[in-house]
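Structure first, commentary second.
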Amino acid sequence: MASEQQLQAIKSAKVLMVGAGGIGCELLKTLVLSGFQDIHIIDMDTIEVSNLNRQFLFRKSHVGQSKAKVARDAVLRFRPHINITPYHANVKDPEFNVDFFKEFNVVLNGLDNLDARRHVNRLCLAADVPLVESGTTGFLGQQVTVHVKGKTECYECQPKPTPKSYPVCTITSTPSKFVHCIVWAKDLLFAKLFGDKNQDNDLNVRSNDAASSSEHAEDVFERREGEDPEQYGRRIYDHVFGYNIEVALGNEETWKNRNKPKPIYSKDVLPNGLIQTNGNSKDCAIDGPSSMSAMASLSLKNPQDIWNLVENTKIFLEALKLFLGKREKDIGNLIFDKDDQLAVEFVTAAANIRAASFGIPLHSLFEAKGIAGNIVHAVATTNAIIAGLIVIEAIKVLQSDTNNYRMTYCLEHPSRKMLLMPVEPFEPNKSCYVCSETPLSLEVNTNCSKLRDFVEKIVKNKLGMNLPLIMHGSALLYEVGDDLEEDMVANYAANLEKVLAELPSPVTSGTMITVEDLQQEFTCSINIKHREEFDEEKEPDGMVLLGWTQAPPREKDNVAVGNGASTSSASQAAVVEAEEDDDIEIIPTGVGIVSAAGTKRKLSDTSKPTSSVADGYNGDKKREVGNDEDVVVMLSDGNSDISKKKRLQ
Amino acid sequence: MDGEELTEQETALYDRQIRVWGVDAQRRLSKSHILVSGITGTIVEFCKNIVLAGVGSVTLMDDRMVTEEAIWANFLIPPDENMPSGRSLAEVCFDALREFNPMVHVSVEKGIFDGDFYDKFSAVVVGRCSLATKKRINDICRKRPKRIAFYAVDCRDSCGEIFVDLQNYTYAQKKLEETVECQLQYSSFEEAVALPWRALPRKMSKLYFAMRVIEKFEQDEGRNPGETSIADLPSVLKLRKQLCEGQSMNESNIPEGLLERLLVGTKEHPPVCAIIGGILGQEVIKMISGKGDPVKNFFFFDAMDGKGIIEDISKPE
């Protein structure tokens, strides 16, 4: 039980929770039981069936409703006399500005993605409000951290791995892993057939390139007037799995050191028509589009089964038919969604057929869905533990009990007998571009890269800005906002298409540009360095952001880290950003697919913090974790972002 | 396991956790039956976790009436139930718990049972209870023909203790690339607490000793567990001296401040309930699924230092 002093701090606190998902449900419950009286919750999501195994405040009857609102109502049922204010909204919406954040004594994150986390971090820094951050990845090591401006590191003091991207040609021409087939099926084929027709699509470009003759001037992906759905499906099938592969085979050079793919035509796999289905699909009219299923029509039940080529072909054709027949109005603006059953079926089948063509092992729908949706493994127990740890830290923050702040790891395998391992928070990284405003540098070919590339790949993806404003000296190059003059909008749109060196105020080697986000109240300076060549495989962005480095290790930290493996394995780790209620999922290259399938978790073998600093640690004043008997714990965790850090003094 | 498949409904609901522990473990879970006795905030957290995980059934036992203290850290009980309603704690919790997962069978049993009543359970979990009760139920679990796992849990102030007895437990341990069969031999609660303190590792968690002093004090005084206050401190310190002398251990291993916290903080600290209930849930899931290294045989958490520590207090094999 909390002390009187703690209870007072708790009762008078105003708390902001961001996220009402896996951690959020547990957190809200624990906050309320602990005596918190004034809680605000932001969550843009609605409830889905796959949430119910751990988001215990929700019931099946709540599916489709706002998480923040249902969570509030559920909690009020057992503790009616408290104030809970729900916002069914995106935390990046402009109403949640610095002034809004300033109202709170502490902000608690139960977020699912890097982007929102960075956004909240910046707002907390600008508003000078402490942030307790958390994340979970199933049974893997996960942590709760406290970020207090000027006292401990901010969320971005260590570079965060950004979502894995693959070289375009691996996806379009030379897939070697199942994940490449999934990316092709989801981001190219699915997007081409069902998404925004005006969007650039490499599938389009490549197939048109390949078809130099005029007969292919028409877009093969367009359905012809009155064309039978199955015929259309077969035409697409034969084009992408047959014709395109034949064309690709024509380029001998490509296949010198690779296995040649084999073209697949629908008539060879399925000589007879797509036979009568069992009519189950008609039920979907009642249950809504997300339950429509080609599997049901074809009487395929178990999502864990791996379909053969014939089954995949049937699913491909049937799913396409259902989209055309039953969901015609969605076509043209669909975005792949892991909770859209028919979309998952189509992508699984397409990826499998492509995999068969390239001699890559096929996968079940369950596995394919995990890969395509970047699904995070999530269970209730870990969320509950993390939520408990968050509340413990939040209470310390309210009492400004700075010396006792801890970053706590929740471990799958005990390390030094511990399942919950507290370490002291790290001090701010002096070279952090977010909380220390250190300039960054960008290597870029200023004669080739357009301002658009810079905005998309660097400002949005790498710097996580929401409403950016880009300046060169006093000249405005680009800006986003609702209240812009028309001529400015036109001006900026024109700038986007110009290469950097040809902008009205040219950006060349040595130029310093300033990028600012007015909502996040965050500014950073970038030194431009011109570079001619970039490695397509290693540097697919065609530009490299530098200076976003870890704090230089202190002399003795090398001892603490113990072995050199941590840095190298960190660089090998490919990270896929999750869209679920939990954390980023860390998938080391090579075992990503296995890991996502949820059976073998090699990662866990290397993820435990191992080394510790012996008693002879010198230089810094030794501060111990917890009581007097234990030595300071340092971490060597090669798989996450914490491989080397400084301790708080 | 047999070839029975999960239903479509189960696959959809359990999608995210099947990605953690696999279909096979999910199937085993759905065939497991858990008996829970003595409902506290920590036990409620635990029940929520295993109901969500999809065990086959949960049987609740607690004949006590609902009191203000009982609902302190209990999110299953709405405040209007805090009135004499003639319904027991178990009955009131039953309603809310079953809603968490319609696929889990939740039920209530009344009275005290012995012998073959226990045979249908895979695990028995007892919340805060007397030393005698812990020993008695642990003993029953050990005497049944089929192995029944036994767990005892208690949270006081911002501290928590879990005891685990899996008797003779074999599981597949993953070591880097290979999987090896691993066998663990557990001691009963009675055997564990009877071990001479001097023989235990030097850095043993102080909470272990402090809990034994409080437990002994309550037994000697005929108190219900948790029926203590600051007024008991002098007697408890006397007992500490007596026990430490008998065990030839320095009294400083059981700090007065810690004893005071355990005596005074009889209400559970909700964040600690979540943590201990979460760890306990994980342990029961590990045991049923046969996946992961189980705790052998004590787990301690103290929010003051933030450590969650495993201690092995077993009689030598």
Problem - Acute angle (nearest 10 degrees) that the helix B:41-53 long axis makes with the longest principal axis of chain B, alpha-carbon atoms - result: 20
Exercise for the section: Per residue of A:411-418, count partner chain C-beta atoms within 10 Å of its C-beta, then hand back the mean as an integer. Expected result: 4
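Counting other Cβ atoms within 10 Å of each Cβ, which GluC sites (Glu not before Pro) in region B:155-209 have at most 14 and sit in a DSSP loop?
Working: sites: B:161, B:177, B:178, B:181, B:190, B:191; in loops: B:177.
For GluC sites (Glu not before Pro) across region B:155-209 that sit outside H, G, I, E and B with at most 14 neighbouring Cβ atoms in 10 Å, the list reads B:177.
Rounded, prolate or oblate: which fits region B:197-265, taking a ≥ b ≥ c as square roots of the Cα gyration tensor eigenvalues, rounded meaning a/c under 1.5, else prolate when a/b beats b/c? Show your work: numbers first, answer last.
Numbers: a/c = 1.87, a/b = 1.66, b/c = 1.13.
Prolate.
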Completion exercise
Over chain B, with neighbouring protein chains present, the accessible area per residue in Å² at probe 1.4 Å is 39
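How large is the translational diffusion coefficient of region A:440-546 in µm² per second when you combine the Kirkwood radius over alpha carbon pairs with Stokes-Einstein at 4 °C and 1.567 mPa s?
Details: Rh = 13.9 Å.
Diffusion coefficient, whole number: 93 µm²/s.
When only Cα pairs under 8 Å and 6 or more residues apart are kept, what is the percent relative contact order across region A:440-546?
On the way: 184 pairs, mean separation 44.6, N = 107.
This gives 42 percent for region A:440-546.
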Fill in the blank from the handout: Amide H contacts under 5 Å for residue A:442, restricted to residues at least 5 apart in sequence or on another chain and with H modeled in the peptide plane, are A:527, A:528, A:529, A:546
Practice task
Could you tell me which of the pairs A:396/B:135; A:67/B:134; A:267/A:457; A:186/A:462; A:186/B:174 are separated by over 31 angstrom between their Cα atoms in the structure shown?
Solution key: A:396/B:135; A:67/B:134; A:267/A:457; A:186/B:174
Exercise for the section: State which entries of A:314/A:369; A:102/B:267; A:11/B:286 exceed 28 angstrom in Cα-Cα distance in the structure shown. Expected result: A:102/B:267; A:11/B:286
Problem - Peptide A:54-62 - average C-beta neighbours from other chains (10 Å radius) - result: 3
Fill in the blank from the handout: Expected field for residue A:180, accessible surface area in Å² at 1.4 Å probe radius, rounded to 10, holds 10
Problem - Cα Rg over Rh - chain B, Kirkwood - result: 0.97
Handout entry: Highest to lowest packing among A:468-475, A:355-362, scored as the average C-beta count within 10 Å
Key = A:355-362, A:468-475
Completion exercise
Once amide hydrogens are built 1.01 Å from N within the peptide plane, the residues lying 5 or more places from residue B:31 or on another chain with amide H under 5 Å from its amide H are B:56
Practice task
Mind giving me the nanometre distance, one decimal, between the label points for residue A:268 and residue A:527, set 7 Å out from Cα along Cα→Cβ?
Solution key: 5.7
Handout entry: Degrees between helix B:206-221 axis and first principal axis of chain B (Cα, 0 to 90, nearest 10)
Key = 80
Handout entry: Label-to-label distance, nm, for residues given as residue A:489 and residue A:330 (7 Å Cα→Cβ offset)
Key = 3.1
Problem - Label-point gap, in nm, between residue B:241 and residue A:441 - each point 7 angstrom along Cα→Cβ - result: 7.2
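Report, as an integer, the average count of C-beta atoms from other chains found within 10 Å of each Cβ along B:300-313. Don't skip to the answer; put the middle values down first.
Values: counts 1, 4, 2, 10, 4, 8, 17, 14, 13, 9, 5, 1, 1, 0.
The per-residue average across the peptide is 6.
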Exercise for the section: Kindly provide the helix-only [θ] at 222 nm of chain B, computed as the sum of -39,500 (n - 2.57) over DSSP H runs of four or more divided by all residues, to the nearest 500 deg cm²/dmol? Expected result: -12500 deg cm²/dmol
Fill in the blank from the handout: Taking Cα atoms only, helix B:131-143 is inclined relative to the longest principal axis of chain B by an angle, in degrees rounded to 10, of 40
Completion exercise
Plugging the Cβ-Cβ distance of residue A:400 and residue A:197 into 1/(1 + (r/R0)^6) at R0 = 56 Å yields, to the nearest 0.05, a FRET efficiency of 0.50
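The values are calculated or read from the model by the stated rules, or taken from the named source; none is laboratory data. The structure displayed is predicted, hence computed values, not measured ones. Glycine gets a Cβ as well: all are built from the backbone with ideal geometry, and neighbour counts include every protein chain shown. When the accessible area is computed, the model is the full protein with side chains, heavy atoms only, and any ligands, DNA or RNA have been set aside. Shrake-Rupley method; radii C 1.70, N 1.55, O 1.52, S 1.80 Å.
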